Amino acid sequence: QVRLAESGGGLVQAGGSLRLSCVDSGRVVRPYTTGWFRRAPGKEREFVAAINWSGTDTDYANSVRGRFTISRDTAKNTVYLQMASLEPEDTAVYYCGATAMDGTRCRGDFGYWGQGTQVTVAT
(Lines give C-alpha, C1' and ligand atoms only; values in the text may rest on other atoms or scores of the structure.)
Protein backbone atom coordinates (compact mmCIF):
# COMPACT_ATOMS: atom_id res chain seq x y z
CA GLN A 1 0.00 0.00 0.00
CA VAL A 2 1.40 3.40 -1.02
CA ARG A 3 1.01 6.15 1.58
CA LEU A 4 2.24 9.51 0.46
CA ALA A 5 2.78 12.64 2.48
CA GLU A 6 4.06 15.98 1.19
CA SER A 7 5.97 18.60 3.13
CA GLY A 8 8.12 21.66 2.53
CA GLY A 9 5.56 24.17 1.34
CA GLY A 10 5.39 27.71 2.62
CA LEU A 11 5.50 31.38 1.76
CA VAL A 12 8.37 32.62 -0.39
CA GLN A 13 9.17 35.79 -2.26
CA ALA A 14 9.19 35.80 -6.06
CA GLY A 15 12.55 34.61 -7.31
CA GLY A 16 13.06 32.44 -4.25
CA SER A 17 13.36 28.68 -3.85
CA LEU A 18 11.65 25.86 -2.00
CA ARG A 19 12.15 22.13 -1.81
CA LEU A 20 9.13 19.89 -1.48
CA SER A 21 9.35 16.33 -0.21
CA CYS A 22 7.05 13.39 -0.84
CA VAL A 23 7.57 10.48 1.54
CA ASP A 24 6.04 7.03 1.06
CA SER A 25 5.46 5.49 4.47
CA GLY A 26 3.77 2.41 3.11
CA ARG A 27 5.25 -0.96 2.26
CA VAL A 28 6.65 -0.84 -1.26
CA VAL A 29 5.63 -3.98 -3.14
CA ARG A 30 6.45 -2.91 -6.69
CA PRO A 31 8.13 -0.02 -8.48
CA TYR A 32 6.06 3.02 -9.38
CA THR A 33 6.41 6.42 -10.96
CA THR A 34 5.94 9.47 -8.76
CA GLY A 35 4.47 12.67 -10.07
CA TRP A 36 4.00 16.17 -8.73
CA PHE A 37 0.83 18.03 -9.58
CA ARG A 38 -0.53 21.35 -8.43
CA ARG A 39 -3.89 23.04 -8.14
CA ALA A 40 -4.08 26.80 -8.20
CA PRO A 41 -7.19 28.61 -6.94
CA GLY A 42 -10.01 28.27 -9.43
CA LYS A 43 -8.08 25.85 -11.63
CA GLU A 44 -7.88 22.11 -12.07
CA ARG A 45 -5.03 19.98 -10.83
CA GLU A 46 -2.24 20.07 -13.40
CA PHE A 47 0.87 18.05 -14.06
CA VAL A 48 4.18 19.51 -12.90
CA ALA A 49 6.84 16.79 -13.03
CA ALA A 50 7.34 13.04 -12.79
CA ILE A 51 10.15 10.59 -12.16
CA ASN A 52 10.31 6.85 -12.66
CA TRP A 53 11.29 4.39 -9.96
CA SER A 54 14.96 4.15 -10.93
CA GLY A 55 15.26 7.90 -11.33
CA THR A 56 16.55 7.56 -14.87
CA ASP A 57 13.59 9.22 -16.58
CA THR A 58 12.07 12.57 -15.70
CA ASP A 59 9.38 14.69 -17.29
CA TYR A 60 8.42 18.32 -16.75
CA ALA A 61 5.61 20.62 -17.71
CA ASN A 62 6.79 23.39 -20.03
CA SER A 63 5.88 25.99 -17.44
CA VAL A 64 8.44 24.68 -14.93
CA ARG A 65 11.15 23.14 -17.11
CA GLY A 66 14.49 24.71 -16.30
CA ARG A 67 13.28 26.01 -12.93
CA PHE A 68 12.11 22.84 -11.12
CA THR A 69 14.05 19.63 -10.60
CA ILE A 70 12.54 16.32 -9.53
CA SER A 71 14.70 13.67 -7.89
CA ARG A 72 14.31 10.46 -5.93
CA ASP A 73 16.10 8.95 -2.94
CA THR A 74 14.94 5.35 -3.05
CA ALA A 75 16.65 4.46 0.21
CA LYS A 76 14.51 7.07 1.96
CA ASN A 77 11.36 6.37 -0.08
CA THR A 78 11.32 10.07 -0.85
CA VAL A 79 10.86 12.14 -3.98
CA TYR A 80 11.88 15.78 -4.00
CA LEU A 81 10.80 18.74 -6.05
CA GLN A 82 13.40 21.48 -5.97
CA MET A 83 11.77 24.72 -7.10
CA ALA A 84 13.79 27.77 -8.07
CA SER A 85 13.02 31.16 -9.60
CA LEU A 86 9.52 30.91 -8.21
CA GLU A 87 6.83 33.11 -9.69
CA PRO A 88 3.46 34.18 -8.30
CA GLU A 89 1.91 31.90 -10.93
CA ASP A 90 3.46 28.94 -9.10
CA THR A 91 1.17 29.57 -6.13
CA ALA A 92 -0.86 26.41 -5.61
CA VAL A 93 -1.40 23.35 -3.48
CA TYR A 94 1.19 20.81 -4.55
CA TYR A 95 0.38 17.11 -4.49
CA CYS A 96 2.45 14.04 -5.12
CA GLY A 97 0.92 10.95 -6.66
CA ALA A 98 1.97 7.42 -7.55
CA THR A 99 1.23 5.34 -10.62
CA ALA A 100 2.33 1.97 -11.97
CA MET A 101 2.41 3.52 -15.46
CA ASP A 102 5.56 5.07 -16.87
CA GLY A 103 5.47 8.14 -19.06
CA THR A 104 2.03 9.41 -18.11
CA ARG A 105 0.98 12.94 -17.21
CA CYS A 106 -2.68 12.10 -16.75
CA ARG A 107 -3.82 12.62 -13.18
CA GLY A 108 -6.42 9.89 -13.65
CA ASP A 109 -3.59 7.37 -14.00
CA PHE A 110 -2.30 8.18 -10.51
CA GLY A 111 -4.09 6.02 -7.97
CA TYR A 112 -2.44 7.25 -4.81
CA TRP A 113 -2.19 10.81 -3.55
CA GLY A 114 -0.92 12.75 -0.60
CA GLN A 115 -2.87 15.50 1.14
CA GLY A 116 -0.96 18.34 -0.48
CA THR A 117 1.24 21.18 0.69
CA GLN A 118 0.57 24.86 0.09
CA VAL A 119 3.10 26.97 -1.80
CA THR A 120 2.53 30.71 -1.89
CA VAL A 121 4.78 33.01 -3.91
CA ALA A 122 4.51 36.66 -2.99
CA THR A 123 5.37 39.55 -5.28
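Given (1) over 18 Å from G26 (Cβ atoms); (2) in a loop (DSSP other than H, G, I, E, B); (3) in contact (Cβ under 8 Å) with a residue 24 or more places away in the chain; (4) open to solvent by 10 Å² or more (accessible area, probe 1.4 Å), identify the lone condition not met by E89.
Looking at each condition in turn, E89 falls short on (2).
If you scan segment 66-82, which residues turn out to be aliphatic (A, V, I, L, M) and open to solvent by 40 Å² or more (accessible area, probe 1.4 Å)?
A75
A quick yes/no check of all residues on (1) under 26 Å from T123 (Cβ atoms); (2) free of Cβ contacts under 8 Å to residues at least 24 places away in the same chain; (3) of a type in the set (G, A, S):
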position	(1), (2), (3)
V2	no, no, no
G16	yes, no, yes
R19	yes, no, no
F37	yes, no, no
D73	no, yes, no
M83	yes, no, no
A98	no, no, yes
G103	no, no, yes
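R27 fails exactly one of the following numbered conditions: (1) loosely packed, with under 13 Cβ neighbours inside 10 Å; (2) at pLDDT 95 or above; (3) not in a strand (DSSP E or B). What is the number of that condition?
The one condition R27 does not meet is (2).
Give me the residue from segment 92-113 that is farther than 22 Å from R27 by Cα and outside any strand (DSSP E or B) and, out of that set, least open to solvent (accessible area, probe 1.4 Å).
The extreme case among them is T104.
Return yes when S21 is under 11 Å from the mean Cα position of the chain (by Cα) and surrounded by fewer than 20 Cβ atoms within 10 Å (Cβ to Cβ) and no when it is not.
Spelling it out, S21 is indeed under 11 Å from the mean Cα position of the chain (by Cα) and surrounded by fewer than 20 Cβ atoms within 10 Å (Cβ to Cβ).
Which of (1) open to solvent by 60 Å² or more (accessible area, probe 1.4 Å); (2) at pLDDT 95 or above; (3) over 21 Å from Y112 (Cα atoms); (4) not in a strand (DSSP E or B) is the odd one out, the single condition G16 does not satisfy?
(1)
Within segment 1-45, track down each residue that is within 12 Å of G97 (Cβ to Cβ) and among the acidic types (D, E).
E6, D24
Among the residues of segment 114-122, are any assigned to a strand (DSSP E or B), small (G, A, S), exposed (fewer than 14 other Cβ atoms within 10 Å of the Cβ) and in contact with a helix residue (DSSP H, G or I) (Cβ under 9 Å, 6 or more places away or on another chain)?
Yes, because at least one residue in segment 114-122 is assigned to a strand (DSSP E or B), small (G, A, S), exposed (fewer than 14 other Cβ atoms within 10 Å of the Cβ) and in contact with a helix residue (DSSP H, G or I) (Cβ under 9 Å, 6 or more places away or on another chain).
Kindly indicate whether T74 is under 17 Å from S21 (Cα atoms) and either under 14 Å from the mean Cα position of the chain (by Cα) or at pLDDT 95 or above (or both).
Here the answer is no, as T74 does not meet what is asked.
Considering only residues that are open to solvent by 20 Å² or more (accessible area, probe 1.4 Å) and not charged (D, E, K, R), which ones fall in segment 35-49?
A40, P41, G42, F47
The values are calculated or read from the model by the stated rules, or taken from the named source; none is laboratory data. Model, not experiment: these values are computed from the prediction. In this analysis, Cβ positions are derived from the backbone assuming ideal geometry, glycine residues included, and neighbour counts consider all displayed protein chains. Please note that ligands, DNA and RNA were not included when accessible areas were found on the heavy atoms of the full protein model with its side chains. Shrake-Rupley method; radii C 1.70, N 1.55, O 1.52, S 1.80 Å.
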